[in-house]
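Scroll down for the structure; my scribbles are underneath it.
The values are calculated or read from the model by the stated rules, or taken from the named source; none is laboratory data. Computed from a predicted model, the values in this text were never measured in an experiment. Methodologically, a virtual Cβ is constructed for each residue, glycine included, from the backbone with ideal geometry; neighbour enumeration extends over all protein chains shown. Accessible surface is based on the protein model in full, side chains and every heavy atom, while ligands, DNA and RNA are left aside. Shrake-Rupley method; radii C 1.70, N 1.55, O 1.52, S 1.80 Å.
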Amino acid sequence: MSSLRSELETRIQGWAKTHFPKIGPGPWVRPCADPRHGHFQTHLPMVAAKQTGANPREIALRLAQECPTPPDWANPEVAGSGFVNYRVHPAAVAKAVETLRKDPAFGILQTPKAETIVMDFSSPNIAKAMHVGHIRSTLLGDSLSRLLSRCGHKVIRINHLGDWGTQFGKLLLAYRQAGRPALDPNRSIQQLEEFYKKGHEQAESDPKKMDEARAELAALQTGETERMKDWQHFCHRSAEHFHEIYRRLGVTFDLEKGESAYHDELPGLVEELLRLKIAEISQGAVVVHNTNISEEPFLIRKSDGAFLYGTTDLAALRSRVRDLHANRIIYVTDGRQQLHFRWLFDTAQKWNQHVALEHVWFGTILGPDRKPLKSRDGTPIKLGDLLDEAKERAKKILQEKRPDLSGEVLNAKAELLGIASLKYADQMPGRNLDYVFTWEKLLAFDGNTAPYILNAYVRSRSILRKAGIPASPDHPIVLGESAEEELSRQLLRFGEVVDLAASDRKPHHLCGYLFETAGMFHRFFEACPVLQASSPALQKSRLTLVGLTGDILREGLGLLGIPTLEEM
RNA sequence: GCGCUGUUAGCUCAAUUGGAUAGAGCAUCUGACUUCGGAUCAGAAGGUUAGAGGUUCAAGUCCUCUACGGCGCACCA
């Protein structure tokens, strides 16, 4: 399904290829920043002039004369130092909207080069509560998975759980001292954290206890039956906690595979890298050197023989290529791990792993003092508490606006609205900024927020209900008012925005688009009566526009992992 | 010290990847309603894009330097 923009783009590219064969492939068409100039513009003449030394305005005039516009477009105008401006007649917009209405993908194009993409995200640690530090990876990974799979890729979502760290020595020490009690499902994470804290304190203050903790870890790693049983118990209880959070967030995984799954492969992997001369021994440890990246090497085996984070990542990477046939692996983590991933990718390349590797990173979460965020007691804010707070704040506002609601209905709406606000607020800013956490910002309900967009959606559904129409109608489009024409042109952009968000790995482009769309809908709503429209044809046209706007808002929010509701 | 990354309105952020007069929200002020759901709309005000040079027809965007943040740099994950 081609958009207005791509129709023009194709024509201009064709013209450019004939007259300026050496010029780049474009894109050459973009929307005008200032609507007074027109709807679309191209600056191709200035680029062409630079290459050939010709006068840009002359090229612009030739382009305007020789390159035919699609049907129902105004004659192009040459402006400035070599821009050509284009304007679409409402009739062409109307026709394009009718076509969009019939497209089940709402203008989203399927990629011509579908890949199998592994999305590695969220990755919490066993025996610890999920905290705010996990929210961005979880939501960003989820949205990117949705976007890329909607564009036609096969996405495999993987939760690479931290289930094999050295923390288990201290945890086992305290847990076994306490007589290996069964964990209470309602507070198992809290119990595990307490055991870890006890074990940690003992080990830090007493070298003998530290040795005992190391012995516990060693026993676990050799697969001693009782320790393995304890460890599995920790994993089960932790998984219950994670799944409850993921259920509330609406996030799913295709594969939950922890670091422990690769444990047996690590010795052979390191030997292989040594044999291939990719790795070498340095100061008793096994390392991979690349001075283009840093003076320091990438460590894959400690001098005491133990393996590291990077070793496990290499094993996981190989498994994803070998067993899952991944063409691409996208890791979604905090930006502090950039160096780690450069090392990892460099090693994978030397190792001849045929896979595209990307590190999609995001800024650190900071408190209001711009220091990494901690709650009052010094531990990070728990994700469960954050979700509860979101729900409570939503509930308070709902109780004001909808005093008729109570019980389960109120609860369900509060949960949906609270979490929607949180998700939107987290994804709205560009991902590589550091992220200053405040409750107010994350749980705001006014302005550029999920409730604003959801409100637009709810109103669209309400009009259709009032008109007695169950689904989105499909009538001829008649455009008169500027508000409805502007809204129409915006709806036609949906596909290209989704493509940009997916290919740039930046869902925030979609947030901005949806906010704009909701705003245009609200303005349309003020300016254009629908049920009281002046003629039946106009009413049908506007109902179609209302339905389509609602559908696109719902689709777009869905790609951000935000569900809609029919009534606020 | 080396490296990564950032600095845009009082605050929080955009800016279609080098395009025309840098846009939103919040906060402030002024308007619109016995609403097709006001969680709305219209308007005002708010800027030397940290600073200085450079490249270019064109720079918030690219290059160099400076200032100020955040982060990472061998046996944690």
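Figures for the structure shown
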read-out: Those residues of region A:65-79 which are out of contact with any Gly (no Cβ under 9 Å at 6 or more places or on another chain), closer than 14 Å to A:His89 by Cα and open to solvent by less than 80 Å² (accessible area, probe 1.4 Å), in sequence order; value: A:Thr69, A:Pro70, A:Asp72, A:Trp73
read-out: Residue check, A:Val321 at pLDDT 95 or above, β-branched (Val, Ile, Thr), open to solvent by less than 80 Å² (accessible area, probe 1.4 Å) and within 15 Å of RNA strand B (Cβ to nearest atom); value: no
read-out: Residue within region A:191-208 that is assigned to a helix (DSSP H, G or I), open to solvent by 80 Å² or more (accessible area, probe 1.4 Å) and touching a residue at least 24 places away in the same chain (Cβ under 8 Å) present; value: yes
read-out: Failed condition for A:Phe20, given (1) surrounded by 14 or more Cβ atoms within 10 Å (Cβ to Cβ); (2) without any contact (Cβ under 8 Å) to a residue 12 or more places away in the chain; value: (2)
read-out: Matching entry among A:Glu216, A:Glu226 (being open to solvent by 30 Å² or more (accessible area, probe 1.4 Å) and assigned by TED's automatic domain parsing to the domain that holds A:Phe121); value: A:Glu226
read-out: Where a residue in region A:400-419 is at pLDDT 95 or above and its partner, wherever it lies, is outside any helix (DSSP H, G or I) and not aromatic (Phe, Trp, Tyr), with Cβ under 6 Å and at least six apart; value: A:Leu416/A:Leu565
read-out: In region A:283-304, the residues that are more than 8 Å from RNA strand B (Cβ to nearest atom) and either farther than 17 Å from A:Gln349 by Cα or assigned to a strand (DSSP E or B) (or both); value: A:Val286, A:Val288, A:Phe298, A:Ile300
read-out: Positions within region A:324-365 being small (Gly, Ala, Ser) and open to solvent by less than 20 Å² (accessible area, probe 1.4 Å), in sequence order; value: A:Ala326, A:Gly335, A:Ala348, A:Gly363
read-out: Scan of region A:5-39 for residues that are more than 20 Å from A:Val93 (Cβ to Cβ) and among the aliphatic types (A, V, I, L, M), ordered by number; value: A:Ala16, A:Ile23
read-out: Candidates A:Glu271, A:Glu280 - the one that is among the acidic types (Asp, Glu) and in contact with a strand residue (DSSP E or B) (Cβ under 8 Å, 6 or more places away or on another chain); value: A:Glu280
read-out: Failed item in (1) more than 20 Å from A:Phe445 (Cβ to Cβ); (2) open to solvent by 20 Å² or more (accessible area, probe 1.4 Å), with A:Ile552 passing the rest; value: (2)
read-out: Region A:401-451, subset of a type in the set (Val, Ile, Thr) and either surrounded by 14 or more Cβ atoms within 10 Å (Cβ to Cβ) or over 22 Å from the mean Cα position of the chain (by Cα) (or both), residue nearest to RNA strand B (Cβ to nearest atom); value: A:Val436
read-out: Single condition A:Leu173 does not satisfy, out of (1) within 33 Å of the chain's Cα centre (by Cα); (2) surrounded by 21 or more Cβ atoms within 10 Å (Cβ to Cβ); (3) of a type in the set (A, V, I, L, M, F, W, C); value: (1)
read-out: Members of region A:452-500 found to be more than 8 Å from RNA strand B (Cβ to nearest atom) and of a type in the set (Val, Ile, Thr), listed by number; value: A:Ile453, A:Ile469, A:Ile477, A:Val478, A:Val497, A:Val498
read-out: Subset of region A:23-36 (residues that are at pLDDT 90 or above and either more than 18 Å from A:Val497 (Cβ to Cβ) or open to solvent by 30 Å² or more (accessible area, probe 1.4 Å) (or both)); value: A:Trp28, A:Arg30, A:Pro31
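To keep it simple, each residue is scored yes or no on (1) out of contact with any Cys (no Cβ under 7 Å at 6 or more places or on another chain); (2) buried (at least 18 other Cβ atoms within 10 Å of the Cβ); (3) without any contact (Cβ under 8 Å) to a residue 12 or more places away in the chain.
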position	(1), (2), (3)
A:Ser81	yes, no, no
A:Val84	yes, yes, no
A:Ala91	yes, no, no
A:Thr111	no, no, no
A:Ser137	yes, yes, no
A:Asp142	yes, yes, no
A:Asn159	yes, yes, no
A:Phe168	yes, yes, no
A:Arg180	yes, no, no
